[in-house]
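What follows is a set of notes on a single structure, which appears directly below.
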Amino acid sequence: MMAGKTIADGKVEEWMRPMKFIGVDVQFFAVLLSPDEDQSQTLYTRSATQQLIGPNLKEKSDISVELTSVELKLAKANAAGNADSVTHSYHLFAGPKRDDVLPAGSEKVIDFGMFHWISRPMLVLLKIFHRLSGSWGLAVICLTIVVRSAMFPISIKQARGAAKMQAIQPEIAALKEKYGNDKEKLARAQMELFRKHNYNPAAGCLPLFLQLPIFMGLYQSLNHAVDLRMASFLWIENLAAPDALFHMPFNVPFLGQEFNLLPLITIVLFVVQQKMFMPPPANEEQALQQKMMNFMMIFMGVMFYKVPAGLCVYFIASSLWGMAERKLLPKPKPGASAPPPADPPSGRRKKPDSDDDDNGGNGGGGGLWSMLLKAAEKETSARRTGEKRK
């Protein structure tokens with residue numbers, strides 16, 4: 001495989017190995033030339049070289065391939081038994097990149113990337129939903145619901161972790177103010193705070209790693225679904241292209257003259273999700289980070305502006321599902337009061353005035369080990385009181 005831009009830049013190669021098929025392709029279509037005979041036994045070509053046709057038009061150059069046959073040993077003209085000629089037979093395929101019509105062995109022309117083991121089943125599901133609903137737009141929505149439902153336990157765990165992190169933000173801010181630039185003590189205090197609230201900061205990354213292959217596989221399956229081409233849904237005439245609601249009388253730099261509504265809805269929902277999931281800034285640094293995130297959303301809006309409408313339908317359905325998941329969770333309780341100040345000599349915390357032993361003392365965290373420590377402390381305290389009385 002070689003990208004068209006590489007060929008247009010003149011970085012061509014001479015391929016010498018026997019071939020099963022060769023050709024050129026675009027997003028949804030391919031033209032393939034397949035030798036009729038097994039090339040490992042009866043070799044037709046000596047080499048294949050990529051070729052630029054016409055001028056170099058950068059992103060839209062026309063390319064082809066030049067085949068050079070093996071050296072042919074022919075008899076003189078009019079020799080008996082057709083010894084003066086050689087016939088090489090090929091089959092030419094020109095059509096959509098679909099498994100049911102592509103020549104045998106050329107399925108890899110549909111390049112789903114490294115997550116092809118997810119993309120192909122997704123494409124099969126998409127076609128099943130289309131047969132049931134009769135609409136490719138509804139099929140995309142149904143596929144989104146199935147995928148998000150499968151990831152529901154992971155998403156809920158991630159959302160609960162985010163809610164818990166939001167609840168303890170005031171305590172983290174108090175620790176930063178208390179320890180200042182002492183990063184070592186701050187790290188120890190934060191880990192103790194996380195243990196107290198039974199929060200694992202690394203657990204928030206695991207759902208992202210699990211969701212990434214599914215997201216990329218789904219993206220690739222929609223991006224290569226030729227059936228979405230020229231399929232209509234609502235006001236959309238072509239799910240494989242931007243929705244192009246109307247033609248603007250002026251040209252917008254980087255965006256063009258077509259007004260695409262779905263990318264704007266997608267970005268608005270992304271912003272709403274961000275405000276729902278991210279805790280309010282506890283300091284100037286976090287406020288600056290959130291401003292940067294808002295700026296990134298504008299940049300994403302430019303990047304998404306010409307995304308196919310089918311992908312936007314997926315992003316919109318997925319965002320609405322994520323917001324509904326968020327609403328299902330209980331709202332995070334206000335953060336607990338700031339940790340008590342440390343004793344000057346030892347750096348240990350002073351014992352709080354209220355007795356939390358009946359509730360586990362750790363806000364539900366610590367488990368059996370915490371309970372054993374508290375029981376030992378009570379027993380030691382009782383012994384000391386008894387010795388003083390004696």
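The values are calculated or read from the model by the stated rules, or taken from the named source; none is laboratory data. Keep in mind that this is a model prediction, so the values were computed, not measured. In this analysis, Cβ positions are derived from the backbone assuming ideal geometry, glycine residues included, and neighbour counts consider all displayed protein chains. Just the protein is used for accessible areas: all its heavy atoms, side chains included, with ligands, DNA and RNA removed. Shrake-Rupley method; radii C 1.70, N 1.55, O 1.52, S 1.80 Å.
Observations, loosely collected:
- Scalar couplings 3J(HN,Hα) for segment 231-242, obtained by applying the Karplus form with A = 6.51, B = -1.76, C = 1.60 to θ = phi - 60°, are 7, 9, 7, 6, 8, 7, 8, 8, 5, 8, 9, x Hz; x denotes Gly and Pro.
- Taking each residue as 0.36 nm, the span from LEU288 to VAL26 lengthens on full extension beyond its C-alpha to C-alpha distance by 90.1 nm.
- Diffusion coefficient, µm² s⁻¹, Stokes-Einstein with Kirkwood Rh over alpha-carbon pairs of segment 47-203 at 4 °C and 1.567 mPa s: 54 µm²/s
- Using θ = phi - 60° in the Karplus curve 6.51 cos²θ - 1.76 cosθ + 1.60, the 3J(HN,Hα) couplings for segment 31-46 round to 10, 10, 10, 10, x, 6, 9, 5, 6, 6, 10, 10, 7, 8, 10, 7 Hz; x is entered for Gly and Pro.
- For segment 208-271: rounded, prolate or oblate by the Cα gyration tensor [a/c cutoff 1.5]: oblate
- Among the listed pairs LYS157/LYS185; LYS11/LYS73; LYS60/LYS306; LYS178/LYS275; LYS275/LYS327; LYS97/LYS127, those with a Cα-Cα distance over 21 Å are LYS157/LYS185; LYS11/LYS73; LYS178/LYS275.
- Simple spin-label estimate for ALA83 and ASP62 in nanometres, 7 Å along Cα-Cβ: 4.3 nm
- Residues whose amide H lies under 5 Å from that of SER47, counting only those 5 or more places away or on a different chain, are THR68; hydrogens are built 1.01 Å from N in the peptide plane.
- Protection-proxy order for peptides 182-189, 224-231, 257-264, each taking the mean of Cβ atoms within 10 Å per residue, highest first: 224-231, 257-264, 182-189
- By average C-beta atoms within 10 angstrom, highest first, the peptides 47-55, 215-223, 299-307: 215-223, 299-307, 47-55
- Convex hull volume per residue for segment 1-127, taking Cα atoms only, in Å³: 153 Å³
- Under 5 Å between amide hydrogens, built in the peptide plane, is the criterion, and for LYS306 it picks out nothing among residues at least 5 positions away or on other chains.
- Coil-residue trypsin sites (Lys or Arg not before Pro) of segment 16-106, DSSP, other Cβ within 10 Å capped at 10: LYS73, LYS76
- Segment 8-63 shape via C-alpha gyration tensor axes, a/c threshold 1.5: oblate
- In this rough spin-label picture, where each label sits 7 Å from Cα along the Cβ direction, the ARG131-MET323 distance is 3.5 nm.
- Taking label positions 7 Å along the Cα-Cβ direction at both LYS176 and GLU258, the computed distance is 4.4 nm, reported to one decimal.
- Extension gain, LYS157 to LYS275: 0.36 nm times the residue separation minus the Cα-Cα distance gives 40.6 nm.
- Rg in Å to one decimal, and Dmax rounded to a whole Å, for segment 140-267 via C-alpha atoms: 22.6, 62
- Residue-normalised accessible area of segment 12-77, given per residue in Å² at a 1.4 Å probe: 72 Å²
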